[in-house]
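Below: the structure, in structure tokens.
Where a number appears in this text, it was derived from the coordinates with a stated rule and is not lab data. No experiment lies behind these values; they were computed from the predicted model shown. Cβ placement follows ideal geometry from the backbone for every residue including glycine, while neighbour counts extend to all protein chains displayed.
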Amino acid sequence: MNPMASVRGAGAMPGQTPRLRLVGAGAHSHRRQPGLDDFAPASDDFGSQVVRGLRQTRKQLPCKFFYDQRGSQLFDRICELDEYYLTRAELGILGASATEMAAALGPDCLLVEYGSGSSLKTGLLLERLQRPAAYVPLDISREHLLAAAGRVAARYPRLHVLPVCADYTRPFSLPACQGAARTVVYFPGSTVGNFEPHEARGFLRATAQQVGPTGGLLIGVDLKKDPALLHAAYNDAAGVTAAFNLNLLDRINRELDGNFNLRQFAHYAFYNPRLGRIEMHLVSIVAQTARAVGESFSFHDGETVFTESSYKYTLEEFASLAAASGWSVEQVWTDDRRMFSVQYLTVN
Ligand code: AVI
């Protein structure tokens, strides 16, 4: 999975010869085979964002940079951890309620999956949709997107699969699809929790614009719960989340000529109940200086680099966030323990 639509380097499926066509913003096409509409920025400017983040008084790095090839593999392992309940809970909800979800979305819908990655969760839904007009997997990683689109097209030969390579937090246009009754964005995984609340509002508003007045949003939202369970989910015993967090420094070393000593930084994640979020940091455990992109950055003993927020919502909090961003919550599905929710929103 590629939740933050960042760059990952998974290779194309063996034997697959994807057709690649670059189109500029505003132009788009409707293809009946897996081709590609490509709006991916030429570069995500990793170097300048690292320099900007590490120059701040409170150092921080954007969490979207977690997902290089190694980071994406580590994230896939996180999703399988006993402590990381999110993926299992969401899959359980989909397994139990995909038929109801498909009914809520209605017939002839154009389903657009943001951050589709390997499109793993989508099959459950696609199989139950009534006459889907098309499926649009949307991801920033071209190779991974094309491989996944090819797999979906092979599995569902009657389905139009129209992959779009884009960062869903930046402008792009969807392929035209005649006969679609409505456009529904599918945004699983509670990636919305990785946005700051003002960013989540901006994202929800932009998504409402994207789908238009008849559109919908099917979204996974992690719920507030016992902080001990949250703490365990982000501090797994096997240390996979720690490796995922530290990989960001390793990526800086690999890609930006850095010399961060990974043994001198520690993973630190905790639930901040006042802000309702998990915070992930990398703590410098000694006073040190590291170099990257030709610049040096000093850290005092105990200084942290803030790497990720993962907001947790109550159903009421998320409903008011949605209402403030042009959406109404139509239906909510949760697991028995109310750990996680999948919600169907329509445009106000
Ligand atoms: C992608 N996102 C929803 C994950 C989360 O739980 O916030 C990313 C993650 N960070 C640490 N573990 C998983």
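Selection within the stretch 154-187: residues that are aliphatic (A, V, I, L, M) and over 23 Å from G106 (Cβ atoms). The member of this set that is surrounded by the most Cβ atoms within 10 Å (Cβ to Cβ) is A166.
Only one residue in G202, G212, G179, G220 is under 15 Å from the mean Cα position of the chain (by Cα) and not charged (D, E, K, R), so which one is that?
Values: G202 fails: under 15 Å from the mean Cα position of the chain (by Cα); G212 fails: under 15 Å from the mean Cα position of the chain (by Cα); G179 fails: under 15 Å from the mean Cα position of the chain (by Cα).
Checking each option against the conditions leaves just G220.
Here T87 fulfils each of the conditions (1) within 16 Å of the ligand (Cβ to nearest atom); (2) in contact with a Ser or Thr (Cβ under 8 Å, 6 or more places away or on another chain) apart from (2).
Answer yes or no as to whether Q178 is in contact (Cβ under 8 Å) with a residue 12 or more places away in the chain, in a helix (DSSP H, G or I) and among the polar types (S, T, N, Q).
Values: in contact (Cβ under 8 Å) with a residue 12 or more places away in the chain: yes; in a helix (DSSP H, G or I): no; among the polar types (S, T, N, Q): yes.
So Q178 does not fit the description; no.
Please state which one of R158, R151 is charged (D, E, K, R) and outside any loop (DSSP other than H, G, I, E, B). Talk me through it step by step, then tell me what you get.
Values: R158 fails: outside any loop (DSSP other than H, G, I, E, B).
Within the list R158, R151, the selection yields R151.
Mind checking which residues of the stretch 181-196 are within 16 Å of the ligand (Cβ to nearest atom), among the hydrophobic types (A, V, I, L, M, F, W, C) and assigned to a loop (DSSP other than H, G, I, E, B)? Selection gives F195 alone. Reported count of residues in the stretch 59-84, each being more than 15 Å from the ligand (Cβ to nearest atom) and among the hydrophobic types (A, V, I, L, M, F, W, C), is 0. Against the list (1) surrounded by fewer than 21 Cβ atoms within 10 Å (Cβ to Cβ); (2) part of a loop (DSSP other than H, G, I, E, B), the condition F203 fails is (2).
Give me the residue from the stretch 211-248 that is in a helix (DSSP H, G or I) and without any contact (Cβ under 8 Å) to a residue 40 or more places away in the chain and, out of that set, farthest from G115 (Cα to Cα). Give the steps one after another, and end with the answer.
In the first step, residues of the stretch 211-248 are kept if they are in a helix (DSSP H, G or I); the result is 211, 227-233, 240-248.
Of the ones still in play, those that are also without any contact (Cβ under 8 Å) to a residue 40 or more places away in the chain are 228, 242, 246.
Numbers: A228: 29, A242: 23, L246: 23 Å.
If we take residues in the stretch 211-248 being in a helix (DSSP H, G or I) and without any contact (Cβ under 8 Å) to a residue 40 or more places away in the chain, then A228 is farthest from G115 (Cα to Cα).
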